[in-house]
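One structure is given here, and the rest of the page talks about it.
The values are calculated or read from the model by the stated rules, or taken from the named source; none is laboratory data. As the structure is a prediction and not an experimental result, all values here were calculated from the model. With ideal geometry, Cβ positions are generated from the backbone for all residues, glycine too; neighbour counts draw on all protein chains shown. Just the protein is used for accessible areas: all its heavy atoms, side chains included, with ligands, DNA and RNA removed. Shrake-Rupley method; radii C 1.70, N 1.55, O 1.52, S 1.80 Å.
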Amino acid sequence: MRLVSLTSSNSDILAALGVSGWVVAADSHSDAPGLEGARRVGPDLNIDVSAVCEARPDLVLASLSVPGMERVVEGVRDAGLPTLVLDPVSVPDTLRDIREIGAAIGLPERGEDVAGRLEAELRGLRRVYPRPPRVLVEWWPRPIIAATRDSWVTDLLEGLGAVNALGKRPGRSSPLTLEEVRAAQPDLIVCSWCGVKKLRPEVIEARGLGVPVVCVPESGLGRPGPRLVEGARQIAAALVGLPLPE
């Protein structure tokens with residue numbers, strides 16, 4: 001089966017399913033193992049649709065978890081290519097998407113296995129704290145953009161025994177002022193800037209909030225797929241021994 005993946009999260013899912021070798025084209029951000037032979041068709045928000053067509057895919061996988069991906073999806077569909085579009089906003093959505101991709105490529109048992117193992121690993125990281133730690137996940141520093149209520153981050157944190165410090169703020173993410181960050185009263189700030197090779201916690205620490213900062217690569221938190229467990233492990237480790245004033 002000839003597959004095209006237009007987002008890193010879907011490429012990670014395909015790698016976990018053991019079919020990276022089926023991917024004939026992928027976006028330039030995807031770094032899952034096994035994609036060395038895949039043609040690169042541009043960054044996720046600037047996909048070369050003609051190059052996708054030239055790859056002659058049996059199925060194109062896209063995801064609206066990348067803001068602005070709707071335009072790319074429209075172009076791919078207008079080209080008449082068979083397309084599976086995912087739109088996860090929670091951990092259960094992510095587990096469902098893994099199973100859906102597995103079924104779509106003819107490997108439903110493998111999809112069930114990958115989803116089941118991810119669910120079990122996440123469940124095993126849960127801890128009980130004197131009170132749920134308030135965690136703010138920062139996607140970008142200037143302006144400050146952080147994960148809000150309608151993000152898989154909210155579920156992920158709840159599964160760890162914590163809460164999203166912005167869990168009552170609508171939307172998937174939101175720009176924030178420094179005062180809004182302070183008002184959210186985070187016990188921990190997670191630096192997980194998107195599209196950045198080097199995370200710089202000192203930028204967040206220099207704001208003078210006095211809140212501990214932990215760095216989690218975007219690959220382990222910003223992609224709704226099997227690698228979420230990587231970010232969950234890092235956050236869980238940072239929460240151990242965290243001072244939690246009443």
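Here are some notes:
- Verdict on Leu122 being free of Cβ contacts under 8 Å to residues at least 40 places away in the same chain, in a helix (DSSP H, G or I), open to solvent by less than 60 Å² (accessible area, probe 1.4 Å) and under 22 Å from Val216 (Cα atoms): no
- Screening Glu36 against (1) at pLDDT 95 or above; (2) farther than 13 Å from Leu3 by Cα; (3) over 19 Å from the mean Cα position of the chain (by Cα) leaves a single unmet condition, (1).
- In region 208-234, residue nearest to the chain's Cα centre (by Cα) [restricted to those that are among the aliphatic types (A, V, I, L, M) and more than 19 Å from Arg117 (Cβ to Cβ)]: Val216
- Test: residue in region 143-157 that is among the hydroxyl-bearing types (Ser, Thr, Tyr) and within 20 Å of Gly241 (Cβ to Cβ): no
- Restricting region 125-146 to residues that are open to solvent by 10 Å² or more (accessible area, probe 1.4 Å) and free of Cβ contacts under 8 Å to residues at least 40 places away in the same chain, the residue that is nearest to Arg223 (Cα to Cα): Ile145
- Criterion applied to Gly68, Gly80, Gly106, Gly75 was being within 20 Å of the chain's Cα centre (by Cα) and farther than 17 Å from Arg227 by Cβ, and the one residue passing it is Gly68.
- Taken together, Asp113, Asp93, Asp97 contain a single residue that is of a type outside the set (Phe, Trp, Tyr), open to solvent by 50 Å² or more (accessible area, probe 1.4 Å) and in a helix (DSSP H, G or I), which is Asp113.
- Residue count, region 228-246 (criterion: modelled with pLDDT under 95 and either open to solvent by 30 Å² or more (accessible area, probe 1.4 Å) or in contact with a helix residue (DSSP H, G or I) (Cβ under 6 Å, 6 or more places away or on another chain) (or both)): 6
- The residues on offer are Arg56, Arg2, and the sole one that is surrounded by fewer than 22 Cβ atoms within 10 Å (Cβ to Cβ), closer than 27 Å to Arg117 by Cα and touching a residue at least 40 places away in the same chain (Cβ under 8 Å) is Arg2.
- Residues of region 17-32 satisfying the condition of being part of a loop (DSSP other than H, G, I, E, B) and either of a type outside the set (Ser, Thr, Tyr) or more than 19 Å from the chain's Cα centre (by Cα) (or both): Leu17, Gly18, Val19, Asp27, His29, Asp31, Ala32
- Only a single item in (1) farther than 27 Å from Pro130 by Cα; (2) open to solvent by less than 40 Å² (accessible area, probe 1.4 Å); (3) outside any loop (DSSP other than H, G, I, E, B) is not met by Gly159, and it is number (1).
- Of all residues in region 172-186 being in a loop (DSSP other than H, G, I, E, B) and open to solvent by 20 Å² or more (accessible area, probe 1.4 Å), the one that is nearest to Val211 (Cα to Cα): Gln185
- Of the residues making up region 100-110, those that are part of a loop (DSSP other than H, G, I, E, B) and touching a Gly at 6+ places or on another chain (Cβ under 9 Å) are Ile105, Leu107.
- Within the option set Leu61, Leu35, Leu81, Leu14, being part of a strand (DSSP E or B) and in contact with a strand residue (DSSP E or B) (Cβ under 8 Å, 6 or more places away or on another chain) holds for one residue only, Leu61.
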